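Q: Below are the structure tokens for one structure; questions will follow.
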């Protein structure tokens, strides 16, 4: 059901709303969908306006979080919304600015 799908030989993908929810960066899938549809998320620097935008391993995701901005690199695609420890292995936190 939630297995990543291979698309056009570019490797497995997962919807951005599912990814953000599965890895616990958004509290609900609907909140992840709203972030995407309102244009608040960037993937590899490109603005996303669709909740079904494809995410692949290695992509950079930039999105608002609280009063700041978070940037994460996709390390692996999860197959479920598991415990926090499992979710944290699916992304690498990057710092903004410097």
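Q: To the nearest 500 deg cm²/dmol, what mean residue ellipticity at 222 nm is calculated for the chain from DSSP H runs of n ≥ 4 alone, each contributing -39,500 (n - 2.57), summed and divided by the residues? Write down the numbers at each step before the final one.
A: Details: 3 runs with 21 residues, N = 98.
Per the formula, -5500 deg cm²/dmol.
Q: If r is the Cβ-Cβ distance from residue 10 to residue 50 and R0 is 22 Å, what FRET efficiency results, to the nearest 0.05?
A: Details: r = 17 Å, r/R0 = 0.79.
Efficiency, rounded to the nearest 0.05: 0.80.
Each value in this text was obtained by applying a stated rule to the coordinates, not by laboratory testing. Only a predicted model underlies this, so the values are computations on that prediction, with no experimental measurement involved. All Cβ positions, glycine included, derive from the backbone under ideal geometry; neighbour counts span all protein chains shown.
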